[in-house]
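The values are calculated or read from the model by the stated rules, or taken from the named source; none is laboratory data. Small disclaimer: the values here were computed from a predicted structure and weren't measured. Virtual Cβ from ideal backbone geometry, glycine too; neighbours counted across all protein chains shown.
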């Protein structure tokens, strides 16, 4: 029996959605043959409503920009992202503006910026919108079981069974797809804790990503559109 889909991507994060869209736009797989499953599918991008604050942000390089352009999602991302023109890195033992500080400047490379800082929910909404416009199937489902045959993979979600020639597990570090497929993973605890917050500084961030290396960790400020930093 012919599978229902050519490819099923499990996971509607930025990686899963980008994979699905690029398979349709760049790999020649018909969009009707691609599905994305997740317990929660993001809403499409809405230019009339500012996105809520999302403490998780991405620093997107020029290479990431090219990927998002190919996916048809860049314009939406860029409309809410914050370009950064410089990156300044220094150790706690040296002054931030001294000769020992490491500075990357877009102007020195002849570029308009080094990249942009984008919130996770903006990235997801932009890619979900691109997937919907392209005709990709998006379903809110959790995967309960996975069976592999020679030419088909079957997924069960409640009473619904879906089949595909290829299943992509893009469902995070604790991937259910990986577990059901019997693939082993090695985990290492770094023994570190991160604190993420939105910060309004007394001085403007100057479209600069600031990163100070301390003896027991790193302090970083990533510039956002409204003048705050993450």
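Within the option set 70, 59, 109, 101, being more than 26 Å from residue 7 (Cα to Cα) and in contact (Cβ under 8 Å) with a residue 40 or more places away in the chain holds for one residue only, 59. The set of residues in segment 49-67 that are at pLDDT 95 or above and either in a strand (DSSP E or B) or more than 15 Å from residue 111 (Cβ to Cβ) (or both) comprises 60, 67.
Checking each residue in segment 89-146 for being in contact with a helix residue (DSSP H, G or I) (Cβ under 7 Å, 6 or more places away or on another chain), closer than 30 Å to residue 30 by Cβ and part of a loop (DSSP other than H, G, I, E, B) picks out 135, 136, 143.
Residues that are in a strand (DSSP E or B), in contact with a strand residue (DSSP E or B) (Cβ under 8 Å, 6 or more places away or on another chain) and in contact (Cβ under 8 Å) with a residue 12 or more places away in the chain within segment 215-230 comprise 221, 223, 229, listed in sequence order. Of all residues in segment 174-208, those being free of Cβ contacts under 8 Å to residues at least 60 places away in the same chain, over 20 Å from residue 38 (Cβ atoms) and not in a loop (DSSP other than H, G, I, E, B) number 1. Taking the stated definitions as given, is residue 153 closer than 26 Å to residue 38 by Cβ, touching a strand residue (DSSP E or B) at 6+ places or on another chain (Cβ under 6 Å) and surrounded by 12 or more Cβ atoms within 10 Å (Cβ to Cβ)? Judged against the criteria, residue 153 is a match. Does any residue of segment 12-28 turn out to be touching a helix residue (DSSP H, G or I) at 6+ places or on another chain (Cβ under 8 Å), farther than 30 Å from residue 152 by Cα and outside any loop (DSSP other than H, G, I, E, B)? Within segment 12-28 (the criterion being touching a helix residue (DSSP H, G or I) at 6+ places or on another chain (Cβ under 8 Å), farther than 30 Å from residue 152 by Cα and outside any loop (DSSP other than H, G, I, E, B)), the answer is no, since none of the residues qualifies. Taken over segment 39-64, residues that are crowded, with 18+ Cβ neighbours inside 10 Å, over 14 Å from residue 125 (Cα atoms) and over 13 Å from the mean Cα position of the chain (by Cα) amount to 0.
Is one or more of the residues making up segment 77-87 in a loop (DSSP other than H, G, I, E, B), touching a residue at least 12 places away in the same chain (Cβ under 8 Å), touching a strand residue (DSSP E or B) at 6+ places or on another chain (Cβ under 9 Å) and surrounded by 12 or more Cβ atoms within 10 Å (Cβ to Cβ)?
So in segment 77-87, the residues in a loop (DSSP other than H, G, I, E, B) come out as 81, 85.
Now drop any that are not touching a residue at least 12 places away in the same chain (Cβ under 8 Å), which leaves 81, 85.
Adding the requirement that they be touching a strand residue (DSSP E or B) at 6+ places or on another chain (Cβ under 9 Å) leaves 81, 85.
Subset that is surrounded by 12 or more Cβ atoms within 10 Å (Cβ to Cβ): 81, 85.
Scanning segment 77-87, I find at least one residue that is in a loop (DSSP other than H, G, I, E, B), touching a residue at least 12 places away in the same chain (Cβ under 8 Å), touching a strand residue (DSSP E or B) at 6+ places or on another chain (Cβ under 9 Å) and surrounded by 12 or more Cβ atoms within 10 Å (Cβ to Cβ), so the answer is yes.
When the test is whether a residue is at pLDDT below 95 and assigned to a helix (DSSP H, G or I), residue 44 does not pass it. Checking each residue of segment 133-140 against the condition of being within 25 Å of residue 41 (Cβ to Cβ) and loosely packed, with under 13 Cβ neighbours inside 10 Å gives at least one match.
Among the criteria (1) without any contact (Cβ under 8 Å) to a residue 40 or more places away in the chain; (2) surrounded by 15 or more Cβ atoms within 10 Å (Cβ to Cβ), the one residue 212 does not fulfil is (1).
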